[in-house]
1. In whole Å, largest first, what are the principal axis extents of the Cα atoms in the chain?
2. Return HIS161, HIS172 ranked ascending by Cβ neighbour count within 10 Å, so the fewest neighbours appear first.
3. Could you give the alpha-carbon Rg of segment 41-103 over 2.2 N^0.38 Å, rounded to two decimals?
4. Using a Gaussian network model of the chain with C-alpha springs under 10 Å, which one of CYS131, CYS159, CYS84 is most mobile by mean-square fluctuation?
5. Per DSSP H run of n ≥ 4, the term is -39500 (n - 2.57); total these for the chain, divide by its residue number, and report the mean residue ellipticity at 222 nm rounded to 500 deg cm²/dmol.
6. By count of other Cβ within 10 Å, fewest leading, how are ARG88, ARG62 ordered?
7. Taking other Cβ within 10 Å of each residue's Cβ, how do MET187, MET120 sort, fewest first?
8. For segment 121-187, report the convex hull volume of the alpha-carbon atoms normalised per residue, in Å³, without decimals.
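A short reminder: the numbers here are calculations on the coordinates, not readings from a lab. Small disclaimer: the values here were computed from a predicted structure and weren't measured. Please note: Cβ atoms are built from the backbone with ideal geometry, for glycine as well, and neighbour counts cover all protein chains shown.
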Amino acid sequence: MIKFNNVSKSFEGKQVLERFNLTLLEGDRVCLMGPSGCGKTTVGNLLLGILSPDEGEIFANRDDIAAVFQEDRLCEDFSALSNCRMVRPDMSAPYALSVLSKLLPAEDIHKPVRTFSGGMKRRVAIARALCADRKILLLDEPFSGLDGDTKESVAATICEHCHGKTLLMISHDRREAELLGAEIIEM
């Protein structure tokens, strides 16, 4: 469960969130939408503990969260496979390969991600979050850099691996929320 209870946050005197409330139960799929600067990414950073609220409380087990940030945050010299296995060293290579094979051409899985395009790096970041196998998946603009057909196939892979998990997505695109079957909450 995720619960934001009357959470407020400001930056240099600018109020970004004021008495924000949100409750997500296990298996919920929600997409936060709104104009730039309205606090969508701030919600994600508060949830992860990167930021602390000025007021209010957040209830969530952070150990249960896997995240895809706006930036890919990959280890550039590692292969796609190594980037995925680093989040769960006990994970078998065949499992990581099964996830990656749905998102990348087979010939690229063992290459260093520094050689990848932006869209390929984005897919590795998504695969890494899916391989972490957490109860909650936080996706901040997960489809940036992906074309329409690729968005659809990536969304199908996310849905396949998120059955029964809680999904919190941040996006500007209603179609992306629809692809993941997420309820839209306007901020």
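1. 49, 34, 33
2. Working: HIS161 18, HIS172 14.
Exposure proxy ranking, most exposed first: HIS172, HIS161.
3. Numbers: Rg = 15.1 Å, N = 63, 2.2 N^0.38 = 10.6 Å.
Output field value: 1.42.
4. The residue that fluctuates most here is CYS159.
5. Numbers: 6 runs with 58 residues, N = 187.
The per-residue figure over the chain is -9000 deg cm²/dmol.
6. Lowest count first: ARG62, ARG88.
7. Details: MET187 16, MET120 21.
If I rank by nearby Cβ atoms, fewest first, I get MET187, MET120.
8. Details: hull volume 5.4 nm³, N = 67.
Given the Cα convex hull of segment 121-187, per-residue volume reads 81 Å³.
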